[in-house]
Amino acid sequence: MNIKQKLTWAFAIIACLPVVLVATLVVLNLRSEAREGFVDGSGREIRQVSNAMQLFFDGISQNVDYLASQPLIKDSDDSLKTYMSANAESIPQGEMDKKVFALLQNLGNSHPSYAYAILGTAAGGYGGRTTQN
């Protein structure tokens with residue numbers, strides 16, 4: 001290799017080395033910024049979903065507290081119609097059944113996304129409302 005080729009290679013390396021170093025730094029910085037942006041954006045989205053879920057469950061908790069405080073629900077007893085026998089359909093609903101059904105019907109009407117609004121007792125009594133989809 002003669003001196004001309006050596007000088008040409010030396011100048012080429014001297015010219016390319018800073019370009020390669022700067023390009024490497026730019027790529028590393030861009031990757032770091034992209035990662036930080038993704039983590040920040042993901043964190044915000046996760047917080048929003050968490051807040052929405054908390055609001056959802058708070059609403060359910062408030063509805064349950066409201067229903068539990070209703071005298072009609074508190075006073076539900078063994079007089080509710082049971083569906084444990086084979087002839088349950090032939091047994092007419094009592095006055096308490098109708099009142100519980102009306103209360104749960106109103107709850108269901110005010111919350112159309114609820115699929116079921118039911119009350120069950122330890123004695124097997126049952127009253128409720130389902131959506132008509």
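The values are calculated or read from the model by the stated rules, or taken from the named source; none is laboratory data. What you are looking at is a predicted structure, and each value in this text was computed from that prediction instead of being measured. When we count neighbours, we look across all protein chains shown, and the Cβ atoms used for this are built from the backbone with ideal geometry, even at glycine.
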Could you list, in sequence order, the residues of the range 91-128 that are under 15 Å from Val64 (Cβ atoms) and in contact with a helix residue (DSSP H, G or I) (Cβ under 9 Å, 6 or more places away or on another chain)? Leu103, Leu104, Leu107, His111, Tyr114, Tyr116, Ala117, Ile118, Leu119, Gly128
Kindly provide the set of residues from the range 61-95 that are touching a strand residue (DSSP E or B) at 6+ places or on another chain (Cβ under 8 Å), among the hydroxyl-bearing types (Ser, Thr, Tyr) and in a loop (DSSP other than H, G, I, E, B), ordered by number. Ser76, Ser79, Tyr83
Considering (1) within 21 Å of Asn63 (Cα to Cα); (2) modelled with pLDDT under 75, say which one Asp75 fails and leave the rest. (2)
Right, Pro18: surrounded by fewer than 10 Cβ atoms within 10 Å (Cβ to Cβ) and farther than 22 Å from Phe101 by Cα or not? yes
Need pairs with beta-carbon distance below 8 Å; first residue more than 17 Å from Ala117 (Cα to Cα) and within the range 65-86, second in a loop (DSSP other than H, G, I, E, B); sequence gap 6+ or separate chains. Asp77/Thr121; Asp77/Ala123; Asp78/Thr121; Asp78/Ala123; Ser79/Gly94; Met84/Gly124; Ser85/Ile91
Within the range 99-119, restricting to residues that are exposed (fewer than 13 other Cβ atoms within 10 Å of the Cβ) and free of Cβ contacts under 8 Å to residues at least 12 places away in the same chain, the one that is nearest to Asp77 (Cα to Cα) is Asn106
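Residue by residue, here is whether (1) polar (S, T, N, Q); (2) in contact with a Leu (Cβ under 6 Å, 6 or more places away or on another chain); (3) at pLDDT below 85 holds:
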position: Val19; (1), (2), (3): no, no, no
position: Val22; (1), (2), (3): no, no, no
position: Val64; (1), (2), (3): no, no, no
position: Tyr83; (1), (2), (3): no, no, yes
position: Ala86; (1), (2), (3): no, no, yes
position: Glu89; (1), (2), (3): no, no, yes
position: Asn106; (1), (2), (3): yes, no, no
position: Ser113; (1), (2), (3): yes, no, yes
